[in-house]
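The values are calculated or read from the model by the stated rules, or taken from the named source; none is laboratory data. Remember, predicted model here, so these are calculated numbers, not experimental data. With ideal geometry, Cβ positions are generated from the backbone for all residues, glycine too; neighbour counts draw on all protein chains shown. Side chains included, ligands, DNA and RNA excluded: accessible areas come from the protein's heavy atoms. Shrake-Rupley method; radii C 1.70, N 1.55, O 1.52, S 1.80 Å.
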Amino acid sequence: MLNLIDVIFVLLLFFMVTTTFNKFAHIDITLPETKSNLEENENDVVQLFYLIDGGLILKINETEKTLNNEILKDEILNLSPAHKKNITLNADEAINYGKVVDVISILKDANVQNVELNIKKKH
């Protein structure tokens, strides 16, 4: 019986180590893909998710707020200058390009210094 427990433990460890973790698992979003070599910046403090249904989620550290286009500018204006320095936009690939540009314009009008677009690397 002891050997069976050892095998189960080894299998559990194997699956825990080989499983890939998706940091956006709780948000239903499909990022566009590219074959370019991209640097991942894990120090992003402020992220904005633009969902396929048009909803917006503003994530500051671990705090999330659900927004819409009308109140986005007010929320961004209320951020500290350090948070306005760099915002990463995670937009679903199926969203119309014009709508993404509208959100970028709102961010720029709210004095955000740098807007980064988050994309996935193709394998």
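May I ask you to give the solvent-accessible area per residue for region 59-103, in square angstrom, as obtained with a 1.4 angstrom probe?
62
With every protein chain left in place and a probe of 1.4 Å, what is the accessible surface of LYS99, to the nearest 10 Å²?
110
Loop-only check: which GluC sites (Glu not before Pro) in region 46-78 are DSSP coil with at most 13 other Cβ within 10 angstrom?
Listed in order of number, the matching sites are GLU62.
For the residue pair VAL17 and ILE60, what label-to-label distance in nm results when each label sits 7 Å from Cα along the Cα-to-beta-carbon direction?
Each label point lies 7 Å from its Cα, and together they span 4.1 nm.
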